[in-house]
């Protein structure tokens, strides 16, 4: 039987589009609003949600996610609360992909055995630990396999072709190509070599390659969608959730943005 | 090269940095074996830093304590006033070899920032130092020194605005600019190969002091004592003596702040749990949810929620012992050394001194305690003044 992530990519292929993967800083601005925001993203067309569990020292993230994490923590976000939220979201959204996304210390502190057991019980599809590279995955990977969870790896523009092969041949689910070198955040322009490199990596990987880090508009999303099986959007959406407007209006802007992204991912004939 | 120490160490960073770390490891391995690199390092140690640093018998302090003879390894006499430059010179040489144009560094007390700015000037490299806003306020003279040396000081306003946040920001900068930038980490923490590389550059302290101790005293010390924040001066001196256990005890002194039981301290081994931060697995100060905790120490250089992974391993294996000294004892030791020996120590080093002062009476006058006096205290004048204002204590007269 195919797992949920495989089914999502199959469905997208049938619909001739790339998958929309949305990163969300859980607990921003608070747990209750965060749940509504994520549900809004799903209702607006997100196929997979990356549930970002805030960490006090998010060294791979840019200013927007740092700020969201800090506010979420001040307002009491914890991994336990994120898991409780994830369980409710799963019950309402049986077909959506959910990936738990965090820094390794947060996961390690919970207990990897207990965490993977809980994720299987809730029906979460996988884990992405941003600071757990190929070299350090041994502590977590066997536990993920035992529980039917994908351990989603990253590759970057600096990753050599041999290393891309090494990383992608030993994994399931999908691989996340960090399209712009460096940390997360919004960029208005995409580097030129990106699309060529993306095609190269897609050619090397036996599992779907999704691209992220820096996608800020439906136009760039559409461009990348021609070369990847999915696109990841984080900061650009999160940015709309900041500002002076009432929260309801911000959430409406956010949902409209997600919808515009979802509609931009069709493949050109 | 060993990337783990027992379960500790490793390379817990995003994939974006892995190729850069692999390149650094390869280049460092090559440099270590290169006679030219070694010769240049030794030349600069001698003629630029002023090595070897003296081993000094603190007679009046020893008499005052009654008991063991206290010897000080005078790293405070190095150029720039602390042990930090041993490491920055090594890393800058490596950066030049790798054709990097720009050095970046994190700094807490500012000593590592100054030592990095110094070698950047020496080698004609661009230099940017990340420093938390809180530290900038309490270490203003070092900010001026860095700027005088031509470095740009970047104020870090995220998180707790101290050393750990400066390190986050430096890692972010490095991730985005590793093609032309070399990240000079100031302690034996961070992802592999940093803990090993920094230890190697600092091991000159231990190698010198073991030989000096045998020459001057004809025997080895009973305890080798050093303060531990990240732990580079401690590991540097321990390396010379680990082979001599159990005859010689290596003792790392952490910052006990207001006391371990108050939770207001920076003692990662004595009061922390295993976790992962800044690229390595090690003892950390964290809350129940795995979030990194605020730390406190009267000395900015020890105010860090983690510790070098090799120390975590040495602690577990009981190859070294780790204790905590609280703010008041460190401040008292600071004054005592100034008054009895005419040496103003860094507040960091004063923690190590305080331990020596406390245990000296339990030894006989034939025994030797070796303290790594890792830095000088000029930078701490304002800190000490503020400390006494807050606690309304008078300087001991």
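At a glance:
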quantity	calculated
Only one of B:121, B:115 that is part of a helix (DSSP H, G or I), more than 19 Å from the chain's Cα centre (by Cα) and more than 12 Å from chain A (Cβ to nearest Cβ)	B:121
Filter result for the condition that a residue is part of a strand (DSSP E or B), touching a residue at least 12 places away in the same chain (Cβ under 8 Å) and within 23 Å of residue B:235 (Cα to Cα), over B:325, B:298, B:359, B:307	B:325
Any hit, region A:84-100, residues being in contact with a helix residue (DSSP H, G or I) (Cβ under 9 Å, 6 or more places away or on another chain), within 12 Å of chain B (Cβ to nearest Cβ) and more than 28 Å from residue A:195 (Cβ to Cβ)	no
Some residue of region B:138-149 being more than 21 Å from residue A:66 (Cα to Cα) and in a strand (DSSP E or B)	no
Residue under evaluation residue B:24, criteria (1) surrounded by fewer than 22 Cβ atoms within 10 Å (Cβ to Cβ); (2) within 21 Å of residue B:84 (Cβ to Cβ); (3) assigned by TED's automatic domain parsing to the domain that holds residue B:89, criterion not met	(1)
Region B:122-143: number of residues that are at pLDDT 95 or above and either closer than 16 Å to residue B:87 by Cβ or loosely packed, with under 15 Cβ neighbours inside 10 Å (or both)	6
Every residue from region A:55-83 that is within 8 Å of chain B (Cβ to nearest Cβ) and closer than 16 Å to residue A:115 by Cα	A:78, A:79, A:80
Residue satisfying all of: in region A:138-158; more than 13 Å from residue A:116 (Cβ to Cβ) and surrounded by fewer than 23 Cβ atoms within 10 Å (Cβ to Cβ); farthest from the other protein chains (Cβ to nearest Cβ) among these	A:138
Residues within region B:7-21 that are crowded, with 21+ Cβ neighbours inside 10 Å, modelled with pLDDT of 95 or more and more than 7 Å from chain A (Cβ to nearest Cβ), tallied	3
Members of region B:169-179 found to be free of Cβ contacts under 8 Å to residues at least 12 places away in the same chain and crowded, with 22+ Cβ neighbours inside 10 Å, listed by number	B:172
Boolean, residue B:304 is farther than 21 Å from residue B:185 by Cβ and either more than 14 Å from chain A (Cβ to nearest Cβ) or at pLDDT below 95 (or both)	no
Residue list for region A:218-243, filter: closer than 19 Å to residue A:25 by Cα and outside any helix (DSSP H, G or I)	A:231, A:232, A:233, A:234, A:241, A:242, A:243
Test for residue B:286: is it under 20 Å from the mean Cα position of the chain (by Cα) and within 14 Å of chain A (Cβ to nearest Cβ)	no
Within region B:156-177, tally of residues that are facing chain A (nearest Cβ under 8 Å) and part of a loop (DSSP other than H, G, I, E, B)	2
Hits in region A:208-228 (condition: in contact with a helix residue (DSSP H, G or I) (Cβ under 6 Å, 6 or more places away or on another chain) and within 18 Å of residue A:150 (Cα to Cα))	A:208, A:209, A:211
Pair list, Cβ < 8 Å and 6+ apart or interchain, from region A:101-113 residues that are within 16 Å of residue A:136 (Cα to Cα) and more than 7 Å from chain B (Cβ to nearest Cβ) to residues that are modelled with pLDDT under 95 and surrounded by fewer than 21 Cβ atoms within 10 Å (Cβ to Cβ)	none
Residue in region B:74-92 that is more than 25 Å from residue B:344 (Cα to Cα), outside any loop (DSSP other than H, G, I, E, B), more than 14 Å from chain A (Cβ to nearest Cβ) and touching a strand residue (DSSP E or B) at 6+ places or on another chain (Cβ under 9 Å) present	yes
Residues being touching a residue at least 24 places away in the same chain (Cβ under 8 Å) and within 21 Å of residue A:170 (Cα to Cα) - total across region A:120-135	11
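Residue-wise test of (1) over 24 Å from the mean Cα position of the chain (by Cα); (2) modelled with pLDDT under 95; (3) over 25 Å from residue A:61 (Cα atoms); (4) more than 14 Å from chain A (Cβ to nearest Cβ).
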| site | (1), (2), (3), (4) |
| --- | --- |
| B:4 | no, no, yes, no |
| B:24 | no, no, no, no |
| B:29 | no, no, yes, yes |
| B:35 | yes, no, yes, yes |
| B:39 | yes, no, yes, yes |
| B:48 | no, no, yes, yes |
| B:52 | no, no, yes, yes |
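The values are calculated or read from the model by the stated rules, or taken from the named source; none is laboratory data. For clarity, every value in this text was computed on a predicted model and none was experimentally measured. With ideal geometry, Cβ positions are generated from the backbone for all residues, glycine too; neighbour counts draw on all protein chains shown.
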